[in-house]
1. Need one number: buried accessible surface between chains B and A, 1.4 Å probe, both sides summed, DNA, RNA and ligands left out, in Å² to 100.
2. Please work out how much length the chain gains when fully extended from B:His38 to B:Gln66, using 0.36 nm per residue of separation minus the C-alpha to C-alpha distance, in nm with one decimal.
3. Return the distance in nm (one decimal) between the two label points of a simple spin-label model at A:Thr5 and A:Arg109, each offset 7 Å from Cα along Cα→Cβ.
4. With θ set to phi - 60°, apply the Karplus curve 6.51 cos²θ - 1.76 cosθ + 1.60 along segment B:2-12 and write out the HN-Hα couplings as whole Hz, x wherever there is a Gly or Pro.
5. Applying 1/(1 + (r/R0)^6) with R0 = 35 Å to the Cβ-Cβ distance of B:Arg80 and B:Ser50, what FRET efficiency is obtained, to the nearest 0.05?
6. May I ask you to list the aspartates and glutamates whose Cα is less than 19 Å away from that of B:Lys54, ignoring any residue fewer than eight positions away on the same chain?
7. Which residues' amide hydrogens lie under 5 Å from the amide hydrogen of A:Gly66, considering only partners 5 or more residues apart or on another chain, with H built in the peptide plane?
8. In vacuo Debye scattering of segment A:29-113, one point per C-alpha: log10 I(q)/I(0) at q = 0.11, 0.22, 0.23 Å⁻¹?
Amino acid sequence: KAGVTQTPRYLIKTRGQQVTLSCSPISGHRSVSWYQQTPGQGLQFLFEYFSETQRNKGNFPGRFSGRQFSNSRSEMNVSTLELGDSALYLCASSLRDWGFKQFFGPGTRLTVL
Amino acid sequence: KNEVEQSPQNLTAQEGEFITINCSYSVGISALHWLQQHPGGGIVSLFMLSSGKKKHGRLIATINIQEKHSSLHITASHPRDSAVYICAVRSRGYGGSQGNLIFGKGTKLSVKP
């Protein structure tokens, strides 16, 4: 069974640009969550999607948005990038929610110059 | 004060030692997860707990809901256990809904041969 995949793995952008990150969950998983990890703040929750509906959103500005498609694949978008958005962005999938085992992708390392 | 506190922040052990990592939280939760993150970023979910105790190989996780405390134990530690261990809780939302995901800052474990 293929694991969670994230594309791209590495990305370099400049301030003011926008970026779209993709996450493909494990087949059969309907829940996808996104996280930001930085050395200073650690892991922080961004969004949670289930069956194309955003179920929960973390405390991030509106520049961070996401969506989930009917095949459970998910994308997140960050507009008007700031230097502080440099981070490892991780997604995780599960059958339904955090009451089930979470499977994490390898992450996308975003650098904003 | 963080809603999820882990201790210790850093831990160095000799191979074979018994290790305990603690997690205390201040919110009502529906589930608690222990995660393992190796250098390079990959995260593996070790346990999901809502009550009691779980064991997998040399790893044991316990939770005391009344005391809002969980522990992760590693018996007969090995250098390959060197990683960051992260405690994450799903807070209980209003009206039975699911709340946000809150992460501890992690415990960096180094096991020396």
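1. Looking at B and A, the buried total is near 1600 Å².
2. Net length gain for the segment: 6.9 nm.
3. 2.1
4. Ordered by residue, 3J(HN,Hα) equals 5, 6, 10, 10, 10, 8, x, 6, 10, 8, 10 Hz.
5. Working from the Cβ atoms, E equals 0.75.
6. In chain and number order, the partners are B:Glu67, B:Asp81.
7. A:Asn77
8. Log10 of I(q)/I(0), two decimals: -0.28, -1.08, -1.16.
The values are calculated or read from the model by the stated rules, or taken from the named source; none is laboratory data. On a predicted model such as this, the values are computed, not experimentally measured, just so you know. A quick note on method: Cβ atoms are made from the backbone with ideal geometry, for glycine too, and the neighbour counts reach across all protein chains shown. Areas reflect the complete protein model, heavy atoms only, side chains present, ligands, DNA and RNA absent. Shrake-Rupley method; radii C 1.70, N 1.55, O 1.52, S 1.80 Å.
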